[in-house]
Amino acid sequence: MTQRWIHCLLAALLALCVAIVGLVSTSGVSQAARHALVTKPYYLSLGDSYSIGYQPGFPGGGGSPGFTKYVATYTGTTLENFGCGGATTGSLLSSIGCGDPAATNAVAYPTTTQEQAALAFIAAHPGKVGQVTVEIGGNDITGCVSQPTQALIVACVVANAATMQTNVTTLVGDLAAALSTAGDTTARIFGLTYPDVILGDYVFPSGSPNVALANLSVTAFDSIVNPDLLAAYSSVGVGRFVNVTMAPYLKATTGDDTPLTMTTKLLPYGVIPDSVWEICKLTYFCTLGNIHANSRGYTFIGKLVVTESKLP
C-alpha cells in the first residue's frame, strides 16, 4: 500500500509539472497568467522617445531605464510602457502601431493607436491602474527651430503648440473617462513637459553657437509651450502637471528659467549660465546636439514625478 501510494503521488506531481510547462509555453496564456500574478497597481507610460528612455549609445537607441523605471520602483507600481519614439500628439491619437517600441516593459499594439491601446488596457484591468504618465509634445514643436527667422520660429511654435494643446486635452479627457469607468478612482495622470534643451545652443556646436536661439527658447517654453500643456493637463480633475523646465537641479535656482546672468564654469565651455550648465549636465545636447536626457537627467525627471505623486 505504501509503495502504491508513493507511485500515485509521483504520477500526480508529474502531471502537474506537465500542466505547468504547457501553461508557460503557451504565449497567450502565459501573458494572462503574468497579469493574474500582478498584485501591485499598474503604471501606464504614454508618449514619445522621452517616455521610453531613449539615449544615444544604447542598443537601438532605446532600452535604457529612462524615468519610468524610477517612478515604478519608488511608487510600488507595475510598469506598462506604451511610449513610441518619434510620436507627436497627433500620431499618438491616430497612427496605428509603433515602429520604435524600444522601451523597458514595452507594450506592443500593431493594430491600434497608442491611445486606444492604453484605453483598452485600462478597460481590461478595472480598478488596477494606479497612475499614468504622459510625455508628449516635444516633436510637435522641435521642428520650428529650422525656420529662418525668429519671427517665423515664434509663429511656428504658437501654431503647433495650439494643436498640441487640443490633442493633449483630448487624450487626457479620454484617459480620465476610461479610468473613471474602470473604477480607478484614485489614479492620477501626470503630464510632463521637457528640459529646455535648446538652451544648449548657447555652447553647441562648438565654434558657432546660437545664443539668440537659446535665449528665444526660454520665452517659447515660458509663454507658449508650458502654459498650453498646463491648461491641457489641468482640464481634468485627475490631471497633474510636472514642470520639468522650471525644476532646479543643483546650481540652477529655478531650473532652465534661472536668469542667464547667473553663471558658473564648466569645462570645456568656460563661463556659462547656470541654466545652460543644467542642460549640459542632464542631456546630450551640449556634446552631441541630441535633445534627449542622459541617465542622470531621466533620474531627475523620475524624482520630480515621484515628488508630485506624494502631494495631496
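Every number in this text was worked out from the coordinates using simple rules, so none of it is lab data. All of these numbers come straight from a predicted model, not from anything done at the bench. Note: ideal-geometry Cβ built from the backbone for every residue, glycine included; neighbour counts use all protein chains shown.
A few comments on the model shown:
- Applying both filters, DSSP loop and at most 16 other Cβ atoms within 10 Å, to the chymotrypsin sites (Phe, Trp or Tyr not before Pro) of the range 45-134 eliminates every site.
- Share of alpha-carbon pairs per 5 Å distance bin for the range 194-299, given as whole %: 2, 13, 23, 24, 18, 9, 5, 3, 1, 0
- Cα pair distances in the range 40-309, grouped into 5 Å bins until the bin that holds the longest one, percent each: 1, 6, 13, 18, 20, 17, 12, 7, 4, 2, 0, 0
- Long-range Cα-Cα pairs in the range 122-214 (distance over 15 Å), rounded percent: 69 percent
- The Rg/Rh ratio of the range 101-173, with Rg taken over Cα atoms and Rh as the Kirkwood radius over Cα pairs, comes to 1.10.
- Around the amide H of SER64, modelled in the peptide plane, lie the amide H atoms of GLN55, all under 5 Å away and 5 or more residues distant in sequence or on another chain.
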